[in-house]
Amino acid sequence: MRDWLGQAGADAGAVRRVLAGDAEAYAELVERHRHWAVNLAYHLIGDAEEAEDVAQEAFVIAYSKLHQLRSSGAFGPWLRRILVNLASRRRRRLSRRSAAEIDPTGVGEATNSTAVAVHAVLRLMPDHLAVVLVLRELHSLSYREIAETLSIPVGTVRSRLHAAREMFRRLWDAE
Amino acid sequence: MMALAEFQCCKVSDKQLAAFYDGEISGWRARLLQAHVAVCARCQQRLEALSRLTWAVRSLPRLTPSPGFTEAVIEALSAREPLVLADMAGQLNAPSGRSGREFVEAVMDRVRWRGRRRTAQLAASSAKSRRAVAASATVGAVAMVAACLLLVCGRPNLALLPRAKAIVEVVALAAPWPEQIRAAAVGLVRVRLRGAVGTGIDVELQHIGLLGKPEFRELPGDSAGAPAGGSGLNSYCGKDGG
């Protein structure tokens, strides 16, 4: 699922080319990172169409701020921070919609009742807990990586993850 | 064995066990926990609960991005740069070989336009800085001359000496000033001192530390006593045609 070290070198070269004016190199970065970006947005938001929209917006924002990237090999983690912020905002906006309006099934995916139930539980959880749970359980990020993504201490990650798991378990058992 | 006792009687907290489950604990602590979990039913139950939770959450499907995802990103980028990339959507529909080159050319046009604009901005700011420096130098020179005139017109007394020293120190620092202004300022100070202190002007110059300065080279007649203040001033003020 992740291979940051292997991608870091390839990303660094592509970022340098984009900054030198080779816009086509950005398409290469998009191709390399779109799978996990769309899935992370989907797991946070719960709507497949919104997830693609948010992921595209994250790539556009990353392109416009590429000159701010301190290490050209850190494009992936940096994009992840942008994406998590955007997805959290979109998630808050969507929380005002009814559950019937949200389409948790993936584009072309068969209906998965467990997936629907998991999304329903995640939607009931506060943003700051749902995010750490998704980053840890679905994207296998370490505590340190989660801390860097959310700009919080590792101890806070530990506490939030514990609280998130407790809440998920309680809500899941109640479903 | 003392460390193992820490984990006996299930003193392992939920957070510790979760960190072990998440692979965040390593080394001897991980080995101790492993050994404890092997014999602790409570920890095994908690690990099982964590595993079930992970299984449930991971039941969420993995999406495959739509086929036009990358093109949509490029189109969105072009929508943000309307001046140069206005027809990017049309270009993307062109045969793939052409659209890539035109996209790059359009971006480079945009980059060059920004570069020319930035160069013009820097030139304008540099000219503005030069004007500001020239203005401040002129104001400083005018202030200096005004101070010298005040010195000349003031009543002669020994309190002039500190003022004279301060003025000359400033003049010595005013290297970018026109030479004529510096010379005139020093000349005015010298005349005023001669008129104020009367005889032995060198002693006074030495007293205020100005004797060695090139602006106060000894002039004929200084050590023999100074004339009355009026004639010295008159000679500088042009009343006798000087």
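Tabulated data
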{"quantity": "Residues satisfying the stated conditions in the stretch A:153-175, i.e. at pLDDT below 95 and not in a helix (DSSP H, G or I)", "calculated": "A:175"}
{"quantity": "Candidates A:41, A:100, filtered to the one that is modelled with pLDDT under 85, in a helix (DSSP H, G or I) and either away from chain B (no Cβ under 14 Å) or out of contact with any His (no Cβ under 8 Å at 6 or more places or on another chain) (or both)", "calculated": "A:100"}
{"quantity": "In the stretch A:11-36, residue nearest to the chain's Cα centre (by Cα) [restricted to those that are among the aliphatic types (A, V, I, L, M) and either at positive phi or more than 8 Å from chain B (Cβ to nearest Cβ) (or both)]", "calculated": "A:29"}
{"quantity": "Subset tally (residues that are away from chain B (no Cβ under 12 Å), surrounded by fewer than 21 Cβ atoms within 10 Å (Cβ to Cβ) and in a helix (DSSP H, G or I)) for the stretch A:111-149", "calculated": "6"}
{"quantity": "Qualifying residue in the stretch B:42-53 (condition: modelled with pLDDT of 60 or more and either acidic (Asp, Glu) or within 30 Å of residue A:32 (Cβ to Cβ) (or both))", "calculated": "yes"}
{"quantity": "Unmet requirement for residue A:63, which otherwise passes all of (1) within 14 Å of chain B (Cβ to nearest Cβ); (2) surrounded by 15 or more Cβ atoms within 10 Å (Cβ to Cβ); (3) closer than 29 Å to residue B:54 by Cα; (4) in contact (Cβ under 8 Å) with a residue 12 or more places away in the chain", "calculated": "(3)"}
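The values are calculated or read from the model by the stated rules, or taken from the named source; none is laboratory data. Worth saying up front: this structure is predicted, and the values here are computed from it rather than measured. Ideal geometry is used to build each Cβ from the backbone, glycine not excepted, and the neighbour counts take in all protein chains shown.
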